[in-house]
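Take this structure, written in structure tokens, and hold onto it; I'll ask about it next.
The values are calculated or read from the model by the stated rules, or taken from the named source; none is laboratory data. Remember, it's a predicted structure, so these values are computed and weren't measured experimentally. Neighbour counts are summed over all protein chains in view; Cβ atoms, including those assigned to glycine, are modelled from backbone coordinates with ideal geometry. Only protein heavy atoms, including side chains, enter the accessible area calculation; ligands, DNA and RNA are left aside. Shrake-Rupley method; radii C 1.70, N 1.55, O 1.52, S 1.80 Å.
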Amino acid sequence: MSHDRQFVDNTVTASWIFEGNGVIEEFVGGYHDAQQQRQQVLDARKAYEPVKENKKQPVEQNNKTQAVNSKPKKLSYKLQRELEALPALLEQLEQDIEQLQETVNDPAFFAKPVEETQPILDSLAAKEQELDVAFERWEELEAMQQES
């Protein structure tokens with residue numbers, strides 16, 4: 001089996017990982033590159049997950065209290081700050097990706113040794129995945145804000 005992975009690493013330029021439930025992720029590079037990038041994506045997604053509070057509110061029988069509790073809640077201060085910071089992060093990631101793509105699109109890029117090109121390709125893939133995660137988080141926070 002290991003010779004199959006080595007063959008894939010040496011011959012492919014992109015890999016697809018089937019996550020299940022109809023989710024397919026595409027990564028630049030061979031099997032090992034895809035596994036490393038996948039772990040980076042999973043770590044980045046964990047960093048953007050909202051903090052979940054497991055506090056239970058006591059049940060109030062007072063109608064006035066129930067009316068107050070039924071109002072939609074605003075985003076917490078922390079989530080609001082995160083939402084405000086995301087557009088700048090998205091813009092920065094897009095600029096970084098554009099610069100890396102210009103480097104990769106240079107005709108002489110692939111004439112260089114793999115030791116020079118692979119870190120750039122890995123960085124490009126990681127930035128693209130980070131952009132996807134940040135954009136998903138921005139959509140999620142925007143939806144939460146619209147509900148409130």
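Taking region 93-108 only, how many residues are part of a helix (DSSP H, G or I) and either more than 24 Å from Val41 (Cβ to Cβ) or open to solvent by 90 Å² or more (accessible area, probe 1.4 Å) (or both)?
5
If you scan region 87-123, which residues turn out to be farther than 18 Å from Thr13 by Cα and touching a residue at least 40 places away in the same chain (Cβ under 8 Å)?
Answer for region 87-123, where residues must be farther than 18 Å from Thr13 by Cα and touching a residue at least 40 places away in the same chain (Cβ under 8 Å): Pro87, Leu89, Leu90, Leu93.
Going through region 1-29 one residue at a time, which ones are open to solvent by 90 Å² or more (accessible area, probe 1.4 Å), hydrophobic (A, V, I, L, M, F, W, C) and either touching a Leu at 6+ places or on another chain (Cβ under 6 Å) or at pLDDT below 75 (or both)?
Those that are open to solvent by 90 Å² or more (accessible area, probe 1.4 Å), hydrophobic (A, V, I, L, M, F, W, C) and either touching a Leu at 6+ places or on another chain (Cβ under 6 Å) or at pLDDT below 75 (or both): Met1, Phe7.
Within region 114-143, can you find the residues that are surrounded by fewer than 17 Cβ atoms within 10 Å (Cβ to Cβ) and out of contact with any Leu (no Cβ under 9 Å at 6 or more places or on another chain)?
Val114, Glu115, Glu116, Thr117, Gln118, Pro119, Asp132, Glu136, Glu139, Glu140, Ala143
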